[in-house]
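Novice: The following block contains the structure, expressed as structure tokens.
The values are calculated or read from the model by the stated rules, or taken from the named source; none is laboratory data. Keep in mind it's a predicted model, so treat the numbers as computed, not measured. Virtual Cβ from ideal backbone geometry, glycine too; neighbours counted across all protein chains shown.
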Amino acid sequence: MSRMLTVTPGRCIGCRTCEVACAFRHADAGVPGRSRVQVRAVAKDVWVPMLCLQCDEAACVKACPVLALWRNPETGAIEVHADRCVRCNACVVACPFGNMAVESPAKAVVKCDVCGGDPACAQFCPTRALEYLEV
Amino acid sequence: MLNLDINGRRVTVRKGTALLAAIREAGFDVPTLCHHEALEPYGACRLCVVEVREPGRSKTRVVTSCNYPASAGLEVETESDAVVHTRREVLDLLLARCPGSSVIRQLAASVGLRRSSYPPDQNRDNCILCGLCVRVCEHLGYSAITLAGRGGGREVAAPLKEPPPDCVGCGACVRICPTGNIPLVDRDGMRRVWDRDFEMVRCTGCGRAYITREYLQSRVASSGLPASHFELCDECSRSRAAQTMYQHMVLGDKEASHE
């Protein structure tokens, strides 16, 4: 049984707990700006948590000239392999959803990897706008 | 698989592993400046030196670990007197070459060097000739720049020292340079790197100039993705996708529930 990180925008209350949870999981400092999920306000009092959708035909994978991105068969998430990435930022530009992030100050390209199968954002989302569901 | 000893600890690695990778896998650290895992090891900065003893030999040797293969029975010391002495000497020379580089100064300070014992070269930039920029450019398939000249005149340069015709202005060289020595200026919708001016494409959403036209064309051609994927900057792509999700999933849901 595979699982998928799902987004239900109608439930998001814009509390940005997911951003903080992500930043604490992935960056030592817990700086929300370094988070791989970003809550976007789309209208008054309406928010959408934006994070990698793990596309089947992923533009980032196609755009990468050095084959540094591939899908982890266990989690189904596309992962950036830092040992191959040369930070050309092709994937950042190619992603139609703008979900590749550049982490400063190292300028490393990062994206959601569903925390290796235990996404912190879904764990802490108080309204289940983000869920890690069996599909 | 093969076994070797690193700082007295037995380590098992795959055949073909470079010594540097084996050392890092074992949890020890060796400083490097010219190493990047995506690129072929080059052995230029000489900071990754370690002391090795081949099995059956009595003498040890100091070698660069990045391009030295891990082999069965090898004994490796990463902090022996010979290693510390060599590394300090290398940093002393690098500090004399690039007294203005904060990265070099920090590394030198970590071995107790505040000032080089050689006369500092004030006229030079912070290039340490590690070749990372040249190698990443080649790896990306552009090969726009190269190492030119010999001896004291060696430098990273474009062919004929003119603005490189094969450069696409992607900036990978700028980001990979360990001393931050390659200037790149984005201003008024233009990018200047390697003395060449590039026209930037502006995001159709916010108008921010975010990629050079040459790099965009190159990525469209080699990825097979439609050019429309590259029309918006990442920020605008994200905002637009959020809007789309809202309209389809929130407003769409409400309309469906009214019916």
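Residues are listed down the side, and each one gets a yes or a no for (1) under 14 Å from the mean Cα position of the chain (by Cα); (2) in a loop (DSSP other than H, G, I, E, B); (3) farther than 25 Å from B:Glu235 by Cα; (4) among the charged types (D, E, K, R):
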residue	(1), (2), (3), (4)
A:Pro73	no, yes, yes, no
A:Asp83	no, yes, yes, yes
A:Arg87	no, yes, no, yes
A:Pro96	yes, yes, no, no
A:Asn99	yes, yes, no, no
A:Asp118	yes, yes, yes, yes
A:Thr127	no, yes, yes, no
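Novice: Tell me which of these B:Pro159 doesn't satisfy, since it passes every other one: (1) at pLDDT below 95; (2) within 14 Å of chain A (Cβ to nearest Cβ).
Specialist: Result: B:Pro159 passes all but (2).
Novice: Pick out the one residue from B:Arg208, B:Arg175, B:Arg219 that is of a type in the set (D, E, K, R) and over 23 Å from A:Val61 (Cβ atoms).
Specialist: Answer to the selection: B:Arg208.
Novice: From the list A:Ala43, A:Ala94, A:Ala21, A:Ala106, pick out the single residue that is within 13 Å of chain B (Cβ to nearest Cβ) and surrounded by 21 or more Cβ atoms within 10 Å (Cβ to Cβ).
Specialist: After applying the criteria, what remains is A:Ala94.
Novice: Out of curiosity, is B:Asp197 closer than 25 Å to A:Leu67 by Cβ, surrounded by fewer than 19 Cβ atoms within 10 Å (Cβ to Cβ) and more than 8 Å from chain A (Cβ to nearest Cβ)?
Specialist: So B:Asp197 fails the test.
Novice: Can you tell me which residue within segment B:127-148, out of those that are over 19 Å from B:Thr179 (Cβ atoms), in a loop (DSSP other than H, G, I, E, B) and of a type outside the set (A, V, I, L, M), is modelled with the lowest pLDDT?
Specialist: Per the criteria, the residue is B:Gly141.
Novice: Identify the residue in segment B:1-42 that is without any contact (Cβ under 8 Å) to a residue 40 or more places away in the chain and assigned to a helix (DSSP H, G or I) and, among all such residues, is surrounded by the most Cβ atoms within 10 Å (Cβ to Cβ).
Specialist: Step by step, filter segment B:1-42, then rank; the result is B:Arg24.
Novice: Residue pairs, Cβ under 9 Å, 6 or more apart or interchain, first in segment B:91-120 and in contact (Cβ under 8 Å) with a residue 24 or more places away in the chain, second assigned to a helix (DSSP H, G or I) and among the β-branched types (Val, Ile, Thr). List them.
Specialist: B:Leu91/B:Ile104; B:Leu94/B:Ile104; B:Leu95/B:Ile104; B:Arg97/B:Ile104; B:Cys98/B:Ile104; B:Val111/B:Val84
Novice: How many residues are more than 19 Å from the chain's Cα centre (by Cα) and in a loop (DSSP other than H, G, I, E, B) when one looks only at segment B:43-54?
Specialist: Result for segment B:43-54: 1.
Novice: For segment B:144-161, which residues satisfy the criterion of being of a type in the set (Gly, Ala, Ser) and exposed (fewer than 15 other Cβ atoms within 10 Å of the Cβ)?
Specialist: Across segment B:144-161, the qualifying residues are B:Gly149, B:Gly151, B:Gly152, B:Gly153.
Novice: Based on what the data block shows, is B:Cys66 farther than 27 Å from B:Ala22 by Cα, in the same structural domain as B:Leu20 (by TED's automatic domain parsing) and touching a residue at least 40 places away in the same chain (Cβ under 8 Å)?
Specialist: no
Novice: Further, regarding this structure: Those residues that are within 31 Å of the chain's Cα centre (by Cα) and more than 7 Å from every other protein chain (Cβ to nearest Cβ), I need them from segment B:237-253; list them, please.
Specialist: none
Novice: Could you count how many residues in segment B:165-189 are in a loop (DSSP other than H, G, I, E, B) and without any contact (Cβ under 8 Å) to a residue 24 or more places away in the chain?
Specialist: Total meeting the criteria: 5.
Novice: Right, here's the next one. So, A:Val109, is that one outside any strand (DSSP E or B), among the hydrophobic types (A, V, I, L, M, F, W, C) and out of contact with any Gly (no Cβ under 6 Å at 6 or more places or on another chain) or not?
Specialist: No, not satisfied.
Novice: Regarding B:Glu77, is this residue modelled with pLDDT of 95 or more, in contact with a Lys or Arg (Cβ under 8 Å, 6 or more places away or on another chain), assigned by TED's automatic domain parsing to the domain that holds B:Ala96 and over 19 Å from B:Ile104 (Cα atoms)?
Specialist: The answer is no for B:Glu77.
Novice: Give the residues of segment B:204-234 that are of a type in the set (Ser, Thr, Tyr) and assigned to a loop (DSSP other than H, G, I, E, B), sorted by residue number.
Specialist: Scanning segment B:204-234 gives a single hit, B:Thr204.
Novice: Return the only residue of B:Ser65, B:Ser101 being surrounded by 21 or more Cβ atoms within 10 Å (Cβ to Cβ), in contact with a strand residue (DSSP E or B) (Cβ under 7 Å, 6 or more places away or on another chain) and small (Gly, Ala, Ser).
Specialist: Going through B:Ser65, B:Ser101 in turn, just one is surrounded by 21 or more Cβ atoms within 10 Å (Cβ to Cβ), in contact with a strand residue (DSSP E or B) (Cβ under 7 Å, 6 or more places away or on another chain) and small (Gly, Ala, Ser): B:Ser65.
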